[in-house]
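Right, one structure below, let's go through it.
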Amino acid sequence: MKSWIQVFSIIDLISVGILLTAIVMNALTRLESYVRVYTFNSWLLSSLIAIVAFMIGETHLYIASVTTLLSKGIVIPLFLKKIVRQMKVTHDIEPYISNTLSLAISGILVAVVYTSLREGIFITGVSKNVLQISVAVILIGLFIMITRRKAITQVIGLLFMENGLFLAGFSLTYGMPIIIELGVLFDMLMGVIILGIFSVQIKRAFTSADLDKLTTLKG
Amino acid sequence: MIGAVLLIPVLTALLCYSVKNRRAIEYINLFGAFLLAGVSIPPIIATLSSPIFSLGSVLYMDALSSYIMAIVVLISLVTAIYSVDYMGQEIGSGIITIKDLRHYYALMHLFIFTMLLTTVSNNLAVFWIAIEGTTLVSALLVGFYKSRQAIEAAWKYIILCTVGITFALLGIFIAYYASVSVMGGKGTLNWTELKDIADRLNPSTMKLAFIFILVGYGTKAGFAPVHNWLPDAHSQAPTPISALLSGILLKCSFIGIIRFIIIVNRSTGVAYTSQLMLFFGLLSMGIATAFILLQTNYKRLLAYHSIEHIGIIATGVGIGGFWGVYGSLLHIFNHAIVKTLLFFTTGEVRLRYHSTKIEKVKGVMTLMPVAGTIMLLAALAIAGTPPFNIFLSEFIILKAAADYGKWTTLALFIVFATIIFGGVLHHFGSMAFGKPDISGGEKEGKTVSAVLIIMAVVMFVCGLYIPAFLEDLLHNSVRIIIGI
């Protein structure tokens with residue numbers, strides 16, 4: 001089976017999938033689809049870790065894969081869905097820029113990352129593409145945060161950044177010691193819950209879930 | 001020993017949350033704060049002779065940790081005392097309920113716990129987890145009043161700092177990668193071990209890691225140009241929390257950068273990090289100067305002062321050498337004292353005048369002789385007037401700049417400091433003097449006045465001479481940073 005993984009370059013396939021799920025966000029118009037894409041992205045991340053764990057036979061990577069699946073693949077998406085339902089917001093994203101432009105800029109971001117990291121200062125061992133893809137995912141997450149105006153879209157942008165970050169850490173060193181990863185995951189879960197609470201409060205206080213209403217504090 | 005220091009605030013938080021009687025909550029809060037102060041003394045003294053490890057090697061305390069921990073514990077103690085009166089008045093005027101009060105004290109002690117954890121973590125990733133913890137807990141405190149402004153401030157705070165800190169984690173991954181290439185197989189994230197292998201770490205990898213760390217922790221420390229969250233968060237949080245945010249949280253994050261600088265300097269040489277620190281330090285000072293002059297809200301004014309002073313601290317580290325770093329570290333302590341004092345006195349002003357606009361406040365000295373006088377003295381101190389403590393540390397940094405021939409830094413520093421001096425006198429002068437618009441109500445609280453006077457005395461005494469114990473801690477800490 002190990003040879004199968006290499007023959008069909010499954011690792012590259014999955015990491016390209018991770019990149020595509022990030023890029024697809026630019027074309028989506030509804031909050032629910034954002035949550036769904038994030039879920040899919042997390043599942044891909046988890047399966048990538050599981051496959052590498054199988055290839056190099058590391059137990060702690062299996063644990064990392066399972067915890068990723070549980071937290072990012074199941075708990076956080078369910079929580080986000082609940083928040084979206086609870087806020088009863090209009091479900092359209094209404095980005096600041098058009099989807100076409102947004103897609104084009106994401107494409108340029110990926111190209112820039114690939115050219116600037118072409119030298120490959122980090123030899124990953126797993127795949128030559130994983131680091132570039134992870135940095136691209138981080139940047140696309142940031143880009144989504146900047147250009148979308150709903151509170152939840154910022155949270156999802158942030159979550160994409162964290163997924164990209166995990167992928168980067170994983171491609172550099174096969175992940176951190178498991179205790180550290182659990183700690184980081186715990187912080188992330190808490191962060192999502194607190195952001196969820198605040199987005200409900202924003203909706204209540206500003207009678208809108210749009211962040212461009214948040215302009216009372218200046219100077 | 002370290003375990004007990006970390007356990008006490010957590011237990012205090014749990015107790016504060018589970019009790020439903022106002023007096024009981026306040027006594028638990030005070031008891032917890034005093035107990036923490038007492039328990040933290042033995043490890044702090046012990047580290048003067050040798051570092052302590054705990055929990056394997058996850059927790060570690062050397063003189064530098066002790067120094068920051070001492071400041072955290074001290075400011076937490078006075079904040080706990082001050083909170084009783086301040087939040088008591090908020091309850092009295094019906095702004096918050098007992099349930100809010102329980103949340104407030106529980107979150108405050110959790111916040112103190114996360115800050116203490118940053119001072120003692122040896123593992124870089126544990127430090128990261130602790131810093132992210134401070135963001136999450138304090139964001140809830142920033143949004144405490146649930147007003148539009150408070151929610152907006154909390155949202156900006158948590159989003160900006162979490163994004164920033166995500167980059168810091170990438171920096172940590174890169175450092176871990178560098179250590180794997182040196183040690184083979186399992187790398188290390190422990191600061192003590194990284195320090196030992198630092199001269200063999202790949203310089204260009206470490207440079208890249210440092211950039212990410214600087215962006216990440218720099219956001220949290222309040223460096224310009226990623227300081228936008230800071231004035232919002234500091235002005236919307238309850239006043240005692242503003243004191244914690246400004247007085248110690250910024251420094252905890254700054255120490256993360258310092259710990260990393262110690263490693264990076266051994267790998268790349270001093271020039272790289274010191275240039276970056278000088279650049280961000282002076283940029284922060286410059287941007288803060290502009291905003292200080294234009295400010296109309298005194299809590300935001302104080303927040304911009306925090307940016308200025310974190311800039312001064314970074315500049316001191318950038319100048320480097322024994323006295324540059326010494327001045328910086330001393331400035332961390334001095335700024336914590338003076339800024340806490342300013343937030344406390346202006347908190348009293350807010351309770352009396354019900355406004356945070358500078359133009360609405362007049363004649364504080366007539367209405368509140370103790371708080372008003374101390375506010376004016378502290379304002380003079382923060383502007384760098386002798387004989388107060390801030391003058392001493394700023395002078396040491398300037399002297400270091402002259403000694404090492406950093407004339408551009410020296411010139412910019414003096415220009416900014418002079419402009420800020422004018423701004424501070426203008427703003428605080430108009431608040432302290434004049435005829436009050438409102439009639440004098442009740443007298444000033446005795447406990448609050450006592451706390452203010454004690455801290456004012458510390459501010460004054462530390463401007464004249466540095467106590468021997470503090471001097472020892474400082475000397476040992478500087479030796480850790482510059483590596484002799």
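The numbers here are math on the coordinates, done by the rules we state, and not lab data. If you're wondering where the values come from, they're calculated on a predicted model, not measured in any experiment. FYI the Cβ positions are ideal-geometry reconstructions off the backbone, even for glycines, and counts take in every protein chain you see.
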Estimated 222 nm signal from helices in chain B, with DSSP H stretches of n ≥ 4 weighted -39500 (n - 2.57), rounded to 500: -27000 deg cm²/dmol
What is the angle, in °, between the Cα long axis of helix B:446-464 and the longest principal axis of the Cα atoms in chain B? Nearest 10 is fine, range 0 to 90. 50 degrees
Give, to the nearest whole percent, the P(r) tail of the protein assembly as shown beyond 44 angstrom, counting all Cα pairs. 22 percent
Within 10 Å of each Cβ in peptide B:171-184, how many partner chain Cβ atoms are there on average? Round it to a whole number, please. 3
Alpha-carbon radius of gyration plus Dmax, which is the widest Cα pair, for the stretch B:274-484 in Å: 17.7, 60
May I ask which of A:LYS88/B:LYS146; B:LYS360/B:LYS446; A:LYS213/B:LYS251 have a Cα-Cα span longer than 22 Å here? B:LYS360/B:LYS446; A:LYS213/B:LYS251
So what's the projected area for chain B, the Cα convex hull averaged over all directions, in nm²? 20.4 nm²
Percentage of interatomic Cα-Cα distances in the stretch B:327-393 larger than 15 Å: 53 percent
A:ALA209's amide H: which non-local residues (gap 5+, or another chain) put their own amide H closer than 5 Å, with H modeled 1.01 Å from N in plane and none for Pro or chain starts? none
Average other protein chain Cβ within 10 Å of Cβ, residues B:158-164: 5
Scan the stretch A:1-54 for chymotrypsin sites (Phe, Trp or Tyr not before Pro) in coil per DSSP, keeping those whose Cβ has at most 11 other Cβ atoms within 10 Å, and list them by number. A:PHE8
What's the average, rounded to a whole number, of partner chain beta-carbon atoms within 10 Å of each residue's beta-carbon in A:185-194? 4
Filtering trypsin sites (Lys or Arg not before Pro) in the stretch B:18-98 by DSSP loop and by at most 16 other Cβ atoms within 10 Å leaves B:LYS20
Using only Cα atoms, figure out Rg for the stretch B:19-99 and give it as a multiple of 2.2 N^0.38 Å. 1.44
Loop only by DSSP, 14 or fewer other Cβ within 10 Å of the Cβ. Give me the chymotrypsin sites (Phe, Trp or Tyr not before Pro) in the stretch B:341-388 that pass, ordered by residue number. none
Here, B:LEU14 and B:LYS360, labelled 7 Å along Cα→Cβ, have an inter-label distance in nm of 4.2 nm
Projected area of the stretch B:215-357, taken from the Cα convex hull and averaged over every viewing direction, in nm²? 7.8 nm²
Amide H of B:ASN123: which non-local residues (sequence gap of 5 or more, or other chain) have their own amide H closer than 5 Å, using H built in the peptide plane? B:TRP191
Cα-based reach from B:LYS220 at 17 Å (exclusive), listing aspartates and glutamates while leaving out same-chain residues under 8 positions away: A:ASP187, B:GLU132, B:ASP232, B:GLU308
Can you list the residues of the stretch B:172-206 with backbone N under 11 Å from a point 7 Å past the Cα of A:LYS128, pointing along Cα to Cβ? none
Kirkwood Rh over Cα pairs of the stretch B:83-152 into Stokes-Einstein at 4 °C, 1.567 mPa s: D in µm²/s? 98 µm²/s
Contact order normalised by length for chain B, with contacts defined as Cα pairs under 8 Å and 6 or more residues apart; what percent is it? 15 percent
Among B:TYR298, B:TYR465, which comes first, second and so on when ranked by fewest other beta-carbon atoms within 10 Å? B:TYR465, B:TYR298
Whole-percent tail of the Cα-Cα distance distribution for the stretch A:2-205, cut at 30 Å, equals 21 percent
Using Cα atoms only, what is the angle between the long axis of helix A:31-56 and the major principal axis of chain A, expressed in degrees (0 to 90) to the nearest 10? 20 degrees
If one takes the longest principal axis of the Cα atoms in chain A, at what angle in degrees, from 0 to 90 and to the nearest 10, does the Cα axis of helix A:151-173 lie? 20 degrees
